[in-house]
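Encoded as structure tokens, the structure appears first; notes follow it.
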Amino acid sequence: MSEKVYQATIGLEVHVELATKSKMFCGCKNDPHESEPNTHVCPVCLAHPGSLPVPNEAAIAAVLTFGAAVGATPATYSEFDRKNYFYPDIPKAYQLSQYAFPFLTGGSLKGVTLTRVHLEEDTARSQHDKGDFSLVDFNRAGVPLMELVTEPVIHDAVTAGDFARELQLVLRTLGVAKAQMERGEMRVEANISVSDTEGVLGTKVEVKNLNSFKSVEGAIAFEIDRQVDVLKSGGSVSQETRGWDEVKLRTFTQRSKETAKDYRYFPDPDIPKMDISKHIAFSRLNDIIIELPEDKRKKYSNLGLTINTSNQIVADEFSDTYFSSVCKRALAAKLPNEVVVLAANYLTSDLLSIISKGVELTLTPEHFLELMQMIHAGDITSRVAKDILTEIAVSNEHPRTVATERGLLRSVDTSALMSLVAAVVTEFSAVADEYKGGKVTALQFLLGQAMKQSRGSADPEILKQLLIEYLK
Ligand SMILES: [Zn+2]
């Protein structure tokens, strides 16, 4: 008998706080991280009777820009709905959201098909840990929140994590959100079910409030295993909402899931219906040519970078900006691709390691590129290049000036090298004798000493030949 194969099916829901200047339906500053509670508030976001919401065009434009980047279809008819529920962090007793007519439908990102993207308002923040009372801070109330829903087309935790990472990168590239997960600016929920080979779809379990990529992957992997275990033992998975315990690394029951029916959605009568398909933001991408992360990776791999190096550069904000600038200059100057590849390699290894030591970088992309050209032309050895890089990282001196002034240009001047060889052989005459006596490895020591005295500037091959000749 063959064992049943269980297949997991995962759909994601992601909430992203958009980085607009003002809130979604009022003029208050959009600053959910303001530490002084209830400073960015007004009658609209405090839900005073009679106050009227006015949709934020910049927030809608941000959603449309995102839509253009992922190939989604903008709505020709859209509206805002009231999602009714009672909670102290939602003083209107409803959240303005979109139900039947989201701004965007379809599109895909990192191979994952999107169902819909809509816009809503964030809730206030409540605190229950200060005493036997609760506090509510309305700075976050009304912050524009983009909600993205994927089709249930993901089957493993790693793919879900990769999707979330790519989403963050795209949002940052477009400049519509910072999407810092650790600050709650991007929150992931995963709907996970497990079915067997007989094709019977499993019961969907929702895991909420995943605030890091690690949590997304950990919670999904845990939940798949848990549901498989339940099914294997003959039990059934109950439909519920679960939370993720980051310390115990397990999901736990929170509450049974509300359905759309419980919210009694209905169109908000105060906000006009919209046709946003002709909005300028949707064509903005083509006009100003924003390079998306995937476009950059393709471009870099065409230039000869490895997939790993391209991924590393595109995923890191500093590397991405710095390398873009280096690359632009190299292409404009029609430098060979090998120089660009050298730049990528020195950036991701040496330069990043210099910066990680807390050095304040002043090295301009121009001078960095000049150093790469010197390596490529064989003007300096890689050993010298590393030393110069460490130095000009903070001073931004011209690398050629540094190399010339210190006599670090690769030396092929045989008469100069010859006197260096003679000096080393005299200094280490015992080792030289060992070599002459047949100990071949002694040569490596002498060569090392000679390289050291040239401060890495000697051409190692020429130096070796001269040394062998001298010792004959
Ligand atoms: Zn307000």
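Report the relative contact order of the chain, percent, no decimals, based on alpha-carbon pairs under 8 angstrom and at least 6 residues apart.
Details: 816 pairs, mean separation 65.3, N = 472.
14 percent.
When only DSSP loop residues count, what chymotrypsin sites (Phe, Trp or Tyr not before Pro) in the range 1-97 have their Cβ near at most 11 other Cβ atoms within 10 Å?
Working: sites: 6, 25, 66, 77, 80, 85, 86, 94; in loops: 6, 25, 77, 80, 85, 86.
For chymotrypsin sites (Phe, Trp or Tyr not before Pro) across the range 1-97 that sit outside H, G, I, E and B with at most 11 neighbouring Cβ atoms in 10 Å, the list reads 77, 86.
Phi-derived couplings, Karplus 6.51 cos²θ - 1.76 cosθ + 1.60 at θ = phi - 60°, listed residue by residue for the range 320-334: 4, 5, 5, 5, 4, 5, 4, 5, 4, 5, 5, 5, 5, 8, 6 Hz, with x used for Gly and Pro.
Pop out the Kirkwood hydrodynamic radius of the range 2-50 from its pairwise C-alpha distances, inverse of mean 1/r, in Å to one decimal.
Values: mean 1/r = 0.0687 Å⁻¹.
Mean inverse Cα-Cα distance, inverted, gives 14.6 Å.
Computed over every Cα-Cα pair of the range 414-471 and binned at 5 Å starting from 0, the pair-distance distribution P(r) comes out as 4, 22, 38, 23, 11, 2 percent. Under 5 Å between amide hydrogens, built in the peptide plane, is the criterion, and for residue 411 it picks out 458, 459 among residues at least 5 positions away or on other chains.
For the range 1-87, applying the loop criterion from DSSP together with a ceiling of 12 other beta carbons within 10 Å to the GluC sites (Glu not before Pro) yields 3.
Between residue 413 and residue 178, the modelled label-to-label distance comes to 5.4 nm, taking each label 7 Å out from Cα in the direction of the beta carbon. Pairs of C-alpha atoms in the range 7-285 farther apart than 28 Å represent 38 percent of all such pairs. If you average the C-alpha positions of the range 442-472 and of the range 57-73 separately, how far apart do those two centres end up, in angstrom? Value for the Cα centre distance between the two parts: 62 Å.
Looking at the range 87-142, the trypsin sites (Lys or Arg not before Pro) that sit in a DSSP loop and have at most 10 other Cβ atoms within 10 Å of their own Cβ are 130. Computed on protein heavy atoms with a 1.4 Å probe, the accessible areas place 348, 115 in the order 115, 348, largest first.
In this structure the amide hydrogen of residue 22, modeled in the peptide plane, comes within under 5 Å of the amide hydrogens of 30, none closer than 5 places in sequence on its chain.
Legend: translational diffusion of the chain by Stokes-Einstein, Rh = Kirkwood radius over C-alpha pairs, 10 °C, 1.306 mPa s; D = 59 µm²/s. Available extension along the chain between residue 127 and residue 356 is 78.8 nm, counting 0.36 nm per residue and deducting the alpha carbon span.
Using the C-alpha atoms of the range 5-130, what convex hull volume per residue, in cubic angstrom, is computed?
Here the figure is 172 Å³ per residue.
If R0 is 60 Å, the Cβ-Cβ spacing of residue 36 and residue 453 corresponds to a FRET efficiency of close to 0.40.
When the helices of the chain are scored as -39500 (n - 2.57) per DSSP H run of n ≥ 4 and the total is divided over every residue, the value at 222 nm lands at -12500 deg cm²/dmol. Of the solvent-accessible surface of the chain, computed with a 1.4 Å probe and all protein chains present, 54% belongs to carbon and sulfur. Under 5 Å between amide hydrogens, built in the peptide plane, is the criterion, and for residue 113 it picks out 151 among residues at least 5 positions away or on other chains.
Label-to-label distance, residue 252 versus residue 465, with points set 7 angstrom from Cα along the beta-carbon direction: 7.3 nm.
I need to check one value: relative contact order of the range 163-228, counting alpha carbon pairs closer than 8 Å and at least 6 residues apart, in percent.
Working: 69 pairs, mean separation 17.9, N = 66.
In percent, rounded to a whole number, it is 27.
Between residue 333 and residue 13, the simple spin-label model (points 7 angstrom out along Cα→Cβ) gives 5.3 nm.
Calculate, for the chain, the solvent-accessible area per residue in square angstrom, rolling a 1.4 angstrom probe over the heavy atoms of the protein chains. Could the numbers behind the result be given before it?
Numbers: 23210 Å² over 472 residues.
Ligands and nucleic acids excluded, the figure is 49 Å² per residue.
For a straight C-alpha distance cut-off of 26 angstrom, the lysines reachable from residue 178 (same-chain residues fewer than eight places away being disregarded) are 21, 23, 29, 110, 208, 214, 296, 298, 299, 328, 357. If the cut-off is a Cα-Cα distance under 23 Å, which lysines reach residue 464, setting aside same-chain residues fewer than 8 apart in sequence? Result set, ordered by chain and number: 386, 436, 439, 452, 472.
When the dipole is taken about the Cα centre of the range 414-471, and only Lys, Arg (+1) and Asp, Glu (-1) are charged at their Cβ, what size is it in debye, to the nearest 20? Kindly include the intermediate steps, with their values, before the conclusion.
Working: 5 positive and 6 negative charges, 22 e Å.
I would put it at about 100 debye.
Largest first, the three principal axis extents of the alpha carbons in the range 293-405 are 43, 31, 22 Å in whole numbers.
Taking the charge dipole of the chain about its Cα centre, with +1 at Lys and Arg Cβ atoms and -1 at Asp and Glu Cβ atoms, the residue from 423, 58, 201 reaching farthest to the positive side is 423. Across 15, 33, the residue with the most accessible area heads the list, and the full order at a 1.4 Å probe is 33, 15.
The alpha carbon centroids of the range 362-408 and the range 296-339 are separated by 19 Å.
The values are calculated or read from the model by the stated rules, or taken from the named source; none is laboratory data. Being a predicted model, the structure only gives us computed values, none of them experimental. In this analysis, Cβ positions are derived from the backbone assuming ideal geometry, glycine residues included, and neighbour counts consider all displayed protein chains. Keep in mind that these areas ignore ligands, DNA and RNA; they rest on the heavy atoms of the full protein, side chains included. Shrake-Rupley method; radii C 1.70, N 1.55, O 1.52, S 1.80 Å.
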